[in-house]
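Here is the structure we will look at, set down as structure tokens.
The values are calculated or read from the model by the stated rules, or taken from the named source; none is laboratory data. Treat the numbers as computed from the prediction; the structure is a model and nothing was measured. Quick reminder, even Gly has a Cβ in these numbers, built from the backbone with ideal geometry, and neighbours come from all protein chains shown.
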Ligand code: BMP
């Protein structure tokens, strides 16, 4: 079940990024790009990478409505499949992201894979996210208490979960607790054989699903 995995492509180098995308892009649900790849290469890399997979731009938007709209519009123009926003900025800002996203999927962060102030307000953040009309939530795959809590509150919203692999979370545990897609970066791109690393995660999921 490779397509339960979102590959976090946190590299700077254009050629390395393209090579990795070519190798694993069709075996994952999406590739997530974050500031490292964008700062080095510009937004154009989103269009180039989208030849190989759905591209989710993890910009963790946290600004006023006008600014988040400007950024979201750009991601849409360059063929993004999805965008990640914070939700602590409140309903108006998150609504602006959803509006500018059009057909793109919006995921909002409601709990992080490391302790943060968001732990005190997770419930409110899920509510803001629902009210804004996002497609999915980001909740940690390595912190069962918070993942379970978010799952209970999420209703029909998809849950995507970082924290698996390098940050200590286990892919099967995360899926049992409610992750729809698991985000994995270092454990794949730092592996001597990224394709094999990905297959190993996928095999773990398959074994679990076939039990
Ligand atoms: P890795 O598997 O290498 O730890 O990568 C996790 C990815 O998920 C990184 O891109 C990171 O920025 C992102 N992420 C996270 O680790 N924790 C969060 O709470 C939210 C994230 O987006």
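Looking across 129, 100, one residue alone is at pLDDT 95 or above, within 24 Å of residue 31 (Cα to Cα) and touching a strand residue (DSSP E or B) at 6+ places or on another chain (Cβ under 7 Å). It is 129. Checking each residue in the stretch 121-135 for being farther than 16 Å from residue 95 by Cβ and within 15 Å of the ligand (Cβ to nearest atom) picks out 121, 122.
Scanning the stretch 19-51 for residues that are free of Cβ contacts under 8 Å to residues at least 60 places away in the same chain, over 16 Å from residue 78 (Cα atoms) and out of contact with any strand residue (DSSP E or B) (no Cβ under 7 Å at 6 or more places or on another chain) yields 19, 22, 26, 36, 40. Total residues in the stretch 157-195 satisfying the condition of being in a strand (DSSP E or B) and touching a helix residue (DSSP H, G or I) at 6+ places or on another chain (Cβ under 9 Å): the figure is 7.
Taking the conditions exactly as written (over 16 Å from the mean Cα position of the chain (by Cα), within 26 Å of residue 25 (Cα to Cα) and either away from the ligand (no atom under 11 Å from the Cβ) or buried (at least 20 other Cβ atoms within 10 Å of the Cβ) (or both)), does residue 180 satisfy them or not? Against the criterion (over 16 Å from the mean Cα position of the chain (by Cα), within 26 Å of residue 25 (Cα to Cα) and either away from the ligand (no atom under 11 Å from the Cβ) or buried (at least 20 other Cβ atoms within 10 Å of the Cβ) (or both)), residue 180 does not qualify.
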